[in-house]
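Student: Dumping the structure here so I can ask a few things about it.
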Amino acid sequence: MVEPTAKELVDACMKQSDHGYQSWSDRRQYEWKLTVAFWSATVLSVGFFARDVRLYWAWFIIAAVVAYWVFMRWLYGLWKANQFDRQVLFHYREQARLLLVGQHSILNFPYSKPDDPDFVRQYLGFHRFLKDWAMSSYSLITALLLIAAFPFARGQVSSKADDRLKSVEERLRAIEELSNRTANSVASGLSRLDRLESDLKLLVESPRQNEGAAKRKGR
């Protein structure tokens, strides 16, 4: 059996490393896309409840807790798979480096899957999950969204908004009525001014007409 050369071993290690990186990168891409989709669905659901339904507070808390639990389970499973791919990437990249400096063989990655008990103990403690800034950010933002949704789902915010909207509409109607009355008053005043102007013209022209008639009679 022909032993692989150092170059072939390095190439094999780099292929394994690139495969781990590509798998990790692809998963991170749909990780944030699905997270944003979950946030959008939460906002749309809140809009539906705020407009059409008034949800009892206990039912809202149950629904929020279930939704958050499902989201966190999905996020934790995704994080476990990402951690596995990252360790594959780091392991084979390190093996390639050691081959380049004189090592003559490679060590295979010692874990077969993310659920391997030894891998879980070494890399998947829950404290590590919380220290991951992306995971902690997703978790915190989701929790804040669900908390902020409570008054909307209860109809408290929407009812206050409706009251404010009605108040604004009433003020607008009052302003419209006032403007209509003002416009009518202005139109009436202009009409009176027109009549006064006509009367003044008649008063000015009447003596002239009488004077002209008298001259004609004198001739």
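The values are calculated or read from the model by the stated rules, or taken from the named source; none is laboratory data. Since the model is a prediction, treat every value here as computed from it, not as a measurement. We place every Cβ from the backbone using ideal geometry, glycine too, and count neighbours over all the protein chains shown.
Student: Among the candidates V70, V88, which residue alone is in contact with a Gly (Cβ under 7 Å, 6 or more places away or on another chain) and part of a helix (DSSP H, G or I)?
Tutor: Numbers: V70 fails: in contact with a Gly (Cβ under 7 Å, 6 or more places away or on another chain).
Only one candidate passes the filter, namely V88.
Student: Of the residues that sit in region 69-86 and are over 15 Å from D132 (Cα atoms) and crowded, with 17+ Cβ neighbours inside 10 Å, which one is farthest from the chain's Cα centre (by Cα)?
Tutor: Pass one, region 69-86, residues over 15 Å from D132 (Cα atoms): 69-71, 73-74, 85.
Pick out the ones that are also crowded, with 17+ Cβ neighbours inside 10 Å and you get 71, 85.
Numbers: F71: 17, D85: 30 Å.
Per the criteria, the residue is D85.
Student: Something else: Please indicate, with yes or no, whether at least one residue in region 48-55 is surrounded by 11 or more Cβ atoms within 10 Å (Cβ to Cβ), in contact with a Pro (Cβ under 7 Å, 6 or more places away or on another chain) and either modelled with pLDDT under 85 or assigned to a helix (DSSP H, G or I) (or both).
Tutor: no
Student: Among the residues of region 94-115, are any assigned to a helix (DSSP H, G or I), within 25 Å of L144 (Cα to Cα) and either within 23 Å of the chain's Cα centre (by Cα) or not hydroxyl-bearing (S, T, Y) (or both)? Steps first, please.
Tutor: In the first step, residues of region 94-115 are kept if they are assigned to a helix (DSSP H, G or I); the result is 94-100.
Remaining after also requiring within 25 Å of L144 (Cα to Cα): none.
Checked against the condition, which is being assigned to a helix (DSSP H, G or I), within 25 Å of L144 (Cα to Cα) and either within 23 Å of the chain's Cα centre (by Cα) or not hydroxyl-bearing (S, T, Y) (or both), region 94-115 yields no hits at all.
Student: Any idea which residue in region 6-39 is nearest to the chain's Cα centre (by Cα), counting only those that are polar (S, T, N, Q) and modelled with pLDDT of 85 or more?
Tutor: First pass over region 6-39, keeping only residues polar (S, T, N, Q): 16-17, 22-23, 25, 29, 35.
Subsequent filtering for residues that are modelled with pLDDT of 85 or more retains 16-17, 22-23, 25, 35.
Numbers: Q16: 38, S17: 36, Q22: 29, S23: 28, S25: 24, T35: 11 Å.
If we take residues in region 6-39 being polar (S, T, N, Q) and modelled with pLDDT of 85 or more, then T35 is nearest to the chain's Cα centre (by Cα).
Student: Also, I was wondering about something else. When region 1-20 is examined, which residues are found to be over 15 Å from L98 (Cβ atoms) and of a type in the set (K, R)?
Tutor: K15
Student: Just to be sure before I move on: is F90 buried (at least 19 other Cβ atoms within 10 Å of the Cβ), over 27 Å from I147 (Cβ atoms) and either in contact with an Asp or Glu (Cβ under 8 Å, 6 or more places away or on another chain) or modelled with pLDDT of 85 or more (or both) in the structure I sent? First the steps, then the outcome.
Tutor: Numbers: buried (at least 19 other Cβ atoms within 10 Å of the Cβ): no; over 27 Å from I147 (Cβ atoms): yes; either in contact with an Asp or Glu (Cβ under 8 Å, 6 or more places away or on another chain) or modelled with pLDDT of 85 or more (or both): yes.
No.
Student: Something else now. Considering only region 1-35, state which residues are in a loop (DSSP other than H, G, I, E, B) and surrounded by 12 or more Cβ atoms within 10 Å (Cβ to Cβ).
Tutor: Of all residues in region 1-35, those in a loop (DSSP other than H, G, I, E, B) come to 1-5.
Matches in region 1-35: P4 only.
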